[in-house]
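First comes the structure, then the notes that go with it.
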Amino acid sequence: MSTNPSYSPSSPPTRRPYHGSCHCGHTRYVVFLTLPPAALGDAAHETPSVRFYKCNCSACHKMGFFHVRVPDSPRDFYLLSPVDEAGLSEYRCSDKVLRWLFCSNCGVRCFIFKGLGEVVDVDLEAEMGRGSEGKVTRVWRCKAEGWKEGTTGYLSVNALTLEQGQEGLDLREIVDKKWVAYLDCKEYKEEVRFDYPQVGGTW
């Protein structure tokens, strides 16, 4: 497995909330990302880290999905609207296990999900590190109980649905610094690489 040569431990990782949405605004969410990410295959990766990747499977290719995987989905992702994944349409693939949820109005896919979800009340301001206002917001999240990242549960956010211009987030930088892993999820033959896409994949 090749490692990411541009990861710099001199840049202190910072956890921040980032907002995202579909095109029409019906789907809105907050995802917590710690940037810069740790490099795969590096000692820094011993601590779970956010991961950016693109794969060459036919679904991701045709849907233009730019994956962002967080290390603790129940704690790192809140769906603000609709407050239940049942308010979104879905397409299932990968043996009908993965749910490609999308907005029924504009068709944009903000995230992929497998597992159980729950509706909870959270103090969103406190969660985002802005102090507690004592005001609770009803959100949907991945159900924490029994959740094991990548096995019993899977969540992948589409980086292309993150709002532009947010502090500390520049998709150009993510690509330029080779933080994007290119995966061979079509044939499962090639090792992960960071320099260019797998056969059939895209930048």
Report summary line: By the rule of no other cysteine beta carbon under 4.7 Å, the lone cysteines of the chain are Cys60, Cys93, Cys110, Cys142
Query - Length-normalised contact order of the chain in % [C-alpha pairs under 8 Å, at least 6 apart] - result: 27
Query raised in the report: Along the charge dipole of the chain, Cβ charges K/R +1 and D/E -1, which of Thr27, Ser58, Ile174 sits furthest on the positive end?
Result: Ser58
**Report entry** Sequence of Thr27, Thr202, Thr151, Thr34 once ranked by neighbouring C-beta atoms within 10 Å, starting from the fewest
**Finding:** Thr151, Thr202, Thr34, Thr27
**Report entry** Ascending count of other beta-carbon atoms within 10 Å, so fewest first, for Ser73, Ser132
**Finding:** Ser132, Ser73
**Report entry** Gaussian network model of the chain, springs between alpha carbon atoms under 10 Å - residue of Gly168, Gly117, Gly129 with greatest fluctuation
**Finding:** Gly129
Query raised in the report: In terms of Cα to Cα distance under 20 Å, which aspartates and glutamates are near enough to Lys114, apart from those fewer than 8 places away along the same chain?
Result: Asp72, Asp76, Asp84, Glu85, Glu90, Asp95, Glu145, Glu149
Query raised in the report: Can you give the convex hull volume of the alpha carbon atoms of the stretch 84-152 per residue, in Å³?
Result: 118
Report summary line: Simple SL model, points at 7 angstrom along Cα→Cβ for Asp95 and Glu127; separation in nm is 3.1
Report summary line: For Lys135, the lysines lying under 29 Å Cα to Cα, once residues fewer than eight places off in the same chain are dropped, come out as Lys143
Query raised in the report: Which Rg and Dmax, in Å, describe the Cα atoms of the chain?
Result: 16.7, 51
**Report entry** Of all DSSP beta bridges in the chain, antiparallel share, percent nearest 5
**Finding:** 90
**Report entry** Loop-located trypsin sites (Lys or Arg not before Pro) in the stretch 111-149 whose Cβ has at most 12 other Cβ within 10 Å (DSSP)
**Finding:** Arg130, Lys135, Lys148
Query raised in the report: Is the stretch 127-199 best put as rounded, prolate or oblate by its Cα gyration tensor, with a ≥ b ≥ c the root eigenvalues, rounded for a/c under 1.5, and otherwise prolate when a/b is larger than b/c, oblate when not?
Result: oblate
Query raised in the report: Rounded to the nearest 20 Debye, what is the dipole magnitude of the chain about its Cα centre when Lys and Arg each give +1 and Asp and Glu each give -1 at the C-beta?
Result: 440
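Values in this text are rule-based calculations from the coordinates and carry no lab data. None of these values were measured; they are calculated from a predicted model. We place every Cβ from the backbone using ideal geometry, glycine too, and count neighbours over all the protein chains shown.
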